[in-house]
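Each value in this text was obtained by applying a stated rule to the coordinates, not by laboratory testing. Since we're looking at a predicted model, the values are computed, not measured. Neighbour counts are summed over all protein chains in view; Cβ atoms, including those assigned to glycine, are modelled from backbone coordinates with ideal geometry.
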Amino acid sequence: MRLDKYTLGNYTPGASYVQQLLWYFLGSPLVESHWLPISSAKVWILKLFGASIGKGVRIKPGVRVKLPWRLTVGNYVWIGEDTWIDNLAPVIIENHVCISQGVYLCTGNHDWNQPDFKLIPAPIHIQESSWIAAKSVIGPGVTVGSGAVLTLGSVTGSCLDPMIIYAGNPAQPIKKRRIGQVEDFFPIPVQDQ
């Protein structure tokens with residue numbers, strides 16, 4: 001590859017130069033700040049810069065968002081400390097999703113087969129009631145099916161099926177997710193006394 005020939009391909013930031021500068025020097029530092037621990041203030045700032053965010057959203061300190069105008073977040077979503085939403089392409093997070101600490105959502109890759117190392121952005125869609133556990137990584141073009149779990153430190157560049165728990169690098173299915181079944185919490189039968 002020849003980095004002096006690098007090209008963005010069809011990519012554009014999707015906002016005016018002034019909006020980008022205001023975000024990078026004002027909005028982004030406030031959202032990322034550990035000195036501003038109030039979720040509602042962070043949500044307000046993200047909305048001010050074009051994000052679509054529902055009600056009951058919790059955003060912890062250290063969260064980084066590259067382009068808020070390409071972020072859609074549903075209702076009752078938790079975004080943990082030091083999460084990085086690197087959204088060159090749209091990121092959609094549906095209702096009741098938990099994104100734990102240190103998660104990286106990466107929407108851009110490069111064409112390593114071409115000398116111009118062209119940027120290739122692709123969206124990420126995380127469907128309702130999914131859990132992306134701490135230090136996990138999701139790559140460009142991935143859809144996480146409703147209710148899926150990506151366990152601690154796992155990495156996926158492929159779509160995840162609904163209601164399946166995935167682990168590893170690359171993430172592999174390990175079992176079906178069962179929500180609210182008593183045997184999930186009490187594996188030994190409870191005896192009447």
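Each row is one residue, and each column tells you yes or no for (1) among the small types (Gly, Ala, Ser); (2) farther than 22 Å from residue 141 by Cβ.
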{"position": "6", "(1), (2)": "no, no"}
{"position": "21", "(1), (2)": "no, yes"}
{"position": "24", "(1), (2)": "no, yes"}
{"position": "36", "(1), (2)": "no, yes"}
{"position": "43", "(1), (2)": "no, yes"}
{"position": "51", "(1), (2)": "yes, no"}
{"position": "65", "(1), (2)": "no, no"}
{"position": "76", "(1), (2)": "no, yes"}
{"position": "92", "(1), (2)": "no, no"}
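Within the stretch 108-128, restricting attention to residues that are surrounded by fewer than 19 Cβ atoms within 10 Å (Cβ to Cβ) and under 12 Å from residue 93 (Cβ atoms), the residue that is nearest to the chain's Cα centre (by Cα) is 125.
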